[in-house]
Amino acid sequence: MIALRLDIAKRITTHTGRRTFANLCLNGGLYASIFAPGARLLDTVLSKESTITMMGRTSAKGLEAYASPDERRIMQEFKKSA
């Protein structure tokens with residue numbers, strides 16, 4: 001239903017949804033205007049522990065199958081450590 005509305009030809013599965021959710025949580029952009037109309041894009045990055053809990057996982061190993069850090073998150077971590 002969502003794919004048809006957004007004109008996406010690819011089949012969207014629950015795995016696709018989990019990957020999208022995990023990447024949004026870990027890499028920021030969770031509050032993008034697509035998901036919360038009227039909200040501005042925040043650089044909110046949730047911790048691995050929070051993301052694991054929200055996904056119903058019990059370990060970080062389960063999270064590795066769904067998400068990986070992107071360049072923006074890596075740069076944010078470098079800026080914080082400097």
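The values are calculated or read from the model by the stated rules, or taken from the named source; none is laboratory data. Treat the numbers as computed from the prediction; the structure is a model and nothing was measured. Please note: Cβ atoms are built from the backbone with ideal geometry, for glycine as well, and neighbour counts cover all protein chains shown.
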Task: Hey, Arg19 surrounded by 15 or more Cβ atoms within 10 Å (Cβ to Cβ) and modelled with pLDDT of 75 or more or not - done: yes
Open item on the list: Where the second residue is among the hydrophobic types (A, V, I, L, M, F, W, C) and surrounded by 12 or more Cβ atoms within 10 Å (Cβ to Cβ) and the first is under 14 Å from Lys48 (Cβ atoms) and at pLDDT below 75 and lies in the range 68-82, which pairs have Cβ atoms under 8 Å and are six or more apart or on separate chains?
Closed with: Pro69/Leu26; Arg73/Leu26; Arg73/Val45
Task: Residue ID - nearest to Gly28 (Cα to Cα), chosen from residues in the range 43-82 that are of a type outside the set (Ser, Thr, Tyr), in a helix (DSSP H, G or I) and under 12 Å from the mean Cα position of the chain (by Cα) - done: Arg73
Task: Pairs with Cβ under 8 Å, 6+ apart, first in the range 4-19 and closer than 16 Å to Leu63 by Cβ, second of a type in the set (Gly, Ala, Ser) - done: Arg19/Ala67
